[in-house]
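Data first, discussion second: the structure below is written as structure tokens.
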Amino acid sequence: MPADAPVTDGKPYPLGASLTADGVNFALYSQHAEEVTLVLFDRADGPPTREVRLPCRTRYIWHGRLPGLKAGQLYGYRVRGPFRPADGLRFNPHKLLLDPYAKALSHKFVNKDNLLLAYDPSAPERDLSLDVRDNSRVAPKAVVVDDAFDWRGDRPPDLHLDELFVYEVHAKGFTADPSSKVEHPGTYLGFIGKIPHLKRLGVNAVELLPVHEFMVDDFLSERGLTNYWGYNTAAFFAPEQSFAASRAPGAAVGEFKTLVRELHRAGIEVILDVVYNHTAEGSELGPTLSLRGIDNPSYYRLCGPHGQGGRHYMNWTGCGNSLAMGSPAALRLVMDSLRYWAEEMHVDGFRFDLASVLGRESGDYSSATSFFDAVSQDPVLSRLKLVAEPWDLGTYQVGNFPVDWSEWNGRFRDCARRFVKGDGGLLPELGRRLTGSSDLYGDDGRGAYNSVNFTTCHDGFTLWDLVSYNGKRNAANGEANRDGSDDNHSWDCGADGETADAGALALRRRLAKNHICHLLFSCGTPMLLGGDEFLRTQRGNNNAYCQDNALSWFDWTLAERNADFTDFVRKGIALTRRYPILQSRRFRTGGDADADGVADLHWFGADGGPVAWDDPEGRALAWQLDGHAPGTDGKDYRLFFVTNAAPTLRAQTLPDPGPGKRWRRVVDTSLPAGEDFAEAGGETLLSPATTYLVNPRSFVVLVAS
């Protein structure tokens, strides 16, 4: 580019850096700025090669076009304006700022010598001071990206929620361990090497932990740890560069697209865990990376009148700040980011971290806020999977999201955990969770599939640790075991942690199978924590957010050692597909008739009579599902389930299997591996067929055929 190439007015849209026929158009929103300067670089660690004042401001958008620039150009912004922290204005032109619409970064944010702070931390007034040191050599630069990519005719699987088997997984940790034996371990490309495992298992959607570019918190770096989970977003459009096999700036974009394309080819959808509730800039004592220095009061909810001004940040997230979702600027940023990942990156849906924050436009949660309304009318986003984590630091809103949304059902998790470990008096609650949680989702137009059922997730124990530890073991996190939940509803089966006790190990495997059965055979959308299919362990750490090491990475030797358990999970998913009633969109309501006047759910006590729902010691439940949809050669079928969490044998009287049919055993988790789950056509005929002895702490499935 000629050194004196003139900057032209350009256009105020789209926001960000956009390639044109002969250059790049730059557009940046800042309502309160007095001047915006574009800073160009030839090297990420070099001095600026040119600084250009953007010549135009249209509706608070500063813009200009520079001819001669190409993809790969590095750039940042200096934004000049008032420095009045008490009023929420924190402009500091000495700090290079990242474009909020950056699609790739030159390198990671590292707060070397506190240069990313816009204040002097040694000053008595700290964030009220102004640091005049230039940080342009160390601050990451945005990379101009060419969106061109060979999608090879990519078509999304376009599955309905009631068809999904979701697999929650960390994009790096899935293959980072050498035992994965993939090319490019720990990367987007390495992930592709394990797609055959997902196919064999039967899952058809992966829910990736955050892949937006994130920053590692200073306090973690000081401990020699890192932000492994990535819930500390620094750039809403850029895929995390450390997950790329190539270190070239911008390479992560193409590699992530390649992963999505290959998952789609395998019939697997991609759901992103996204963090729009806060950013990596944290509280007023955090770094100034982008939004804070560009237009602090337009992007953050501040603790002033109507959230529009003030020194401090509203902290509903527990992470130092909360985005101002009632602000047009913040709302547009989030909506543009979501559309970018949907349209340009081809993802199929989003799981929103601390989603209750997105409904706190006026302080208290509401499902009728600007963000939810914007998503519901958006022609792109409204057709995608939208999943809420329905809580934040101060509110729990499970069951209260808009009709387009599904939710992580923490009520299912807690009930299943308590029941399987043997707590009594849970039968009414268990019945509601097994049948789709109509008490949460049945009054607002949603179906059972809007309940995303899970027993374990990234945040907490793995399945094996859930049945191996009574308490967390988080000392490696450097917080004296104070971090992580103390409310785990776990049980070590009589032996603490790692053990050679054969009895305890056998019982743990049985309880783990029971959990899989509750998850897969309940009404709703099941979500499996990645690695649970081969009993991955984190050695009791229930908050491994900072452990980017073998503690969190998948040990693929376990897939070989516990192949029988993986096979059990595979058979469970296949059984659910084989019988459509197990993927019904309707809530199951015992004793109520369907549209054809036939009840599809019946509850039974041990003697075949009614269930004693109010029994405070109740630890077992039996139910029958009658299938009336096409399946198993188009014939009607009956499935009978018994879950016995008691430490005693249950003699279960069996109902009539129907004319010309006999009961056959499909599942009994108390039996040895290989006998515990029959393949289709290999079910065991019961004789006698009137009673089944259900062993202690086991789950049984029968089919009438």
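Only the coordinates and a few stated rules stand behind these numbers; no lab work does. None of the values given here were measured: they were computed from a predicted structure. Glycine also receives a Cβ, built like all others from the backbone with ideal geometry; neighbour counts cover every protein chain displayed.
For this structure, a couple of remarks:
- Computed Rg/Rh of the range 127-176, alpha carbon atoms with Kirkwood Rh: 1.23
- Whole-Hz couplings from phi, Karplus 6.51/-1.76/1.60, listed for the range 674-680; x for Gly and Pro: x, 9, 6, 8, 7, 6, 4
- Label-point gap, in nm, between Ser367 and Glu163 - each point 7 angstrom along Cα→Cβ: 2.6 nm
- Summarising the label geometry, the points placed 7 Å from Cα in the beta-carbon direction at Arg539 and His312 lie 4.0 nm from one another.
- Here the chain is assigned +1 on the Cβ of each Lys and Arg and -1 on the Cβ of each Asp and Glu. Its dipole about the Cα centre then comes out at about 820 debye.
- Sorting the Cα pairs of the range 16-143 by distance into bins of 5 Å, from 0 upward, gives 2, 11, 20, 23, 20, 14, 7, 3, 1, 0, 0 percent per bin.
- Percentage relative contact order, the range 16-143, counting C-alpha pairs under 8 Å, at least six apart: 25 percent
- Eligible lysines near Lys661 by straight Cα distance, threshold 17 Å, same-chain separation 8 or greater: Lys635
- Label-zone membership for the range 139-154, site Arg247, 7 angstrom Cα→C-beta point, backbone N under 18 Å: 139-141
- Ranked for footprinting exposure by Cβ neighbours inside 10 Å, fewest first, Glu617, Glu168 give Glu617, Glu168.
- By the compact-protein rule of thumb, 2.2 N^0.38 Å, the alpha-carbon radius of gyration of the chain corresponds to a ratio of 1.03.
- Loop-located trypsin sites (Lys or Arg not before Pro) in the range 478-519, at most 13 other Cβ atoms within 10 Å (DSSP): Arg482
- Candidate aspartates and glutamates for bridging to Lys103, where Cα separation is under 15 Å - those fewer than 8 sequence places away on the same chain excluded: Asp146, Asp147, Glu213, Glu240, Glu255, Asp336, Glu343, Glu344
- Listed peptides 450-457, 322-329 appear in the order 450-457, 322-329 once ranked by packing, highest mean of other Cβ atoms within 10 Å at the front.
- Computed over the chain, the per-residue total of -39500 (n - 2.57) for DSSP H runs of n ≥ 4 gives a 222 nm mean residue ellipticity of -5500 deg cm²/dmol, rounded to 500.
- Gain upon complete extension [Asn470, Asp150; 0.36 nm per residue less C-alpha separation]: 110.2 nm
- Simple spin-label estimate for Ala689 and Leu649 gives 2.3 nm between the two label positions (7 Å along the Cα-to-Cβ direction from each Cα).
- Straightening the chain between Arg43 and Asp496 buys 157.7 nm, computed as 0.36 nm per residue apart minus the Cα-Cα spacing.
- For the cross-link pairs Lys172/Lys257; Lys70/Lys95; Lys194/Lys472; Lys257/Lys385; Lys11/Lys95; Lys11/Lys257, the ones whose C-alpha atoms lie over 21 Å apart are Lys70/Lys95; Lys194/Lys472; Lys11/Lys95; Lys11/Lys257.
- For the chain, share of DSSP beta bridges that run antiparallel, in % to the nearest 5: 75 percent
- Averaging the sequence gap over all C-alpha pairs within less than 8 Å and six or more residues apart, then dividing by the number of residues, gives the chain a relative contact order of 10 percent.
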